[in-house]
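Laboratory data are not the source of any read-out in this text; all were calculated from the coordinates shown. Since we're looking at a predicted model, the values are computed, not measured. All Cβ positions, even for glycine, are placed from backbone atoms using ideal geometry, and neighbour counts span all protein chains on display.
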Amino acid sequence: MLVAELVEKGSFEAIDALARAFPLEVVADLIGFTGEVRATMLRWGQAAMQVLGPTNQRTAENFPVAGELYAWCSQVTADDLAEGSVGRGIFDAEARGAIPPDTAGHIIHQYLGAGVDTTVAAIGNLVALFAHHPDQLALVRESPALVPAAFNEVLRFWAPVHAWGRRVTRDVTIEGSEIPAGAQVAILFGAGNRDPRHYENPDAFLVERNPVDHLSFGYGPHGCAGQGLARLEAHAVIEALSRRVGRLVVGPEVRVPGNTTRSIEELPVLEVIPA
């Protein structure tokens, strides 16, 4: 419905009107956020990702905002969340002993802290990529079964999270380099996703590639716990765009440096050419 309304308008700002609007509504309804919290979600979610990066000006500016999120999640109760929501379900699980005491708020913190800004980045990236590659959008329109593969290629081509920190637990040798136990390393997802030893023609955006082993959701036990929801949201957007849009004519995209996420801040859609 949201994509249909935007396509009908003929032009729109893709980040505010789609990439931000859709995930915020989904997560708000899922967790059961009401009132002022719904209006604060984006600000909190963005700050939560910024403070995970290196100590710099962005980290310092966002610590107070991330602290607001942590304080709210430390005090939230089941009564603060809508009936029938997943958030209420988390408190119900705590009450019956299915999860440890006093952890419901922390789980909700993870949903809001990690499940908003990254999905906004992914949806903004997919709109820009399909605008730049209308031939690939046409392939999805001709073969709707390509929707999951197309999103995998979006994630491989432009990783929403460009770096993540890890502490080495034992001495290890990687490509001839010794990394001692206790060292801190930055995992560069985008670099791995463009490794020419693994992906043929890695700098080409090809929806038929279906790179199921991309690194943008992490790997193994460190895989993103919310990736199922992110896939549902992105698949819905790709499917709706491919059915209704032949081509998106966009203006210059504006990016703002971030400590953790790589996202587009502004992306004007100047014209929608129907399918």
* **Cα lying deepest toward the dipole's positive end in segment 40-183, options A98, A82, G53, charges on Cβ** => G53
* Along each of its three principal axes, how wide is the spread of alpha-carbon positions in segment 190-275, in whole angstrom units, largest first? -> 41, 30, 29
* To do: Work out, step by step, the length gained on full extension between H235 and D29: first 0.36 nm times the residue separation, then minus their alpha carbon distance; give nm to one decimal.
  => 72.3 nm
* Choice from V51, V212, V27 with maximal GNM fluctuation in the chain (Cα, 10 Å cutoff) -> V212
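Give, to the nearest whole percent, the P(r) tail of segment 132-275 beyond 22 angstrom, counting all Cα pairs.
So the pairs more than 22 Å apart make up 49 percent of the total in segment 132-275.
Between F63 and E5, what length comes free when the chain is fully extended (0.36 nm per residue of separation minus the Cα-Cα distance, one decimal in nm)?
The span from F63 to E5 would gain 17.2 nm if fully extended.
Tell me the Kirkwood radius of segment 151-200: reciprocal of the mean inverse pair distance over distinct alpha-carbon atoms, in Å. Walk me through the numbers before you get to the answer.
Details: mean 1/r = 0.0807 Å⁻¹.
Hydrodynamic radius (Kirkwood, Cα pairs) of segment 151-200 is 12.4 Å.
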* Structure fact -> In cubic angstrom per residue, the convex hull of segment 81-134 built on its Cα atoms measures 101 Å³
* Of all GluC sites (Glu not before Pro) in segment 40-86, which ones are in loop regions per DSSP and have a Cβ with at most 13 other Cβ atoms within 10 Å? -> E83
* **About the Cα centre, charge dipole magnitude for the chain (Lys/Arg +1, Asp/Glu -1 at Cβ), debye** => 400 debye
* **Residues D16 and A93, FRET efficiency given R0 of 30 Å [Cβ-Cβ distance, rounded to 0.05]** => 0.30
* Asked: Once you charge only the Cβ atoms, +1 for Lys and Arg and -1 for Asp and Glu, what is the size of the charge dipole of segment 157-275 about its Cα centre, to the nearest 20 debye?
  -> 220 debye
* Structure fact -> For F33, other-chain or 5+-apart residues with amide H closer than 5 Å (H placed, Pro excluded) are A82
* Please find the FRET efficiency linking N210 to H106, where r is the Cβ-Cβ separation and R0 is fixed at 35 Å, and quote it to the nearest 0.05. => 0.50
* Asked: Say R0 is 30 Å: what FRET efficiency, to the nearest 0.05, do N56 and R194 get from their beta-carbon distance?
  -> 0.75
* By how many nm would the segment from A145 to I273 lengthen if fully extended, with 0.36 nm per residue of separation less the alpha-carbon distance? -> 43.8 nm
* Evaluated at 25 °C with a viscosity of 0.890 mPa s, what Stokes-Einstein diffusion coefficient in µm²/s does segment 21-172 have when Rh comes from the Kirkwood expression over alpha-carbon pairs? -> 139 µm²/s
* To do: Take every Cα-Cα distance within segment 1-84, group them into 5 Å bins from 0 onward, and report for each bin the whole-number percent of pairs it holds.
  => 3, 13, 19, 18, 17, 14, 9, 6, 1
* **Calculated mean projected area of the Cα convex hull in nm² (choose from (1) 16.4; (2) 15.4; (3) 13.7), label** => (1)
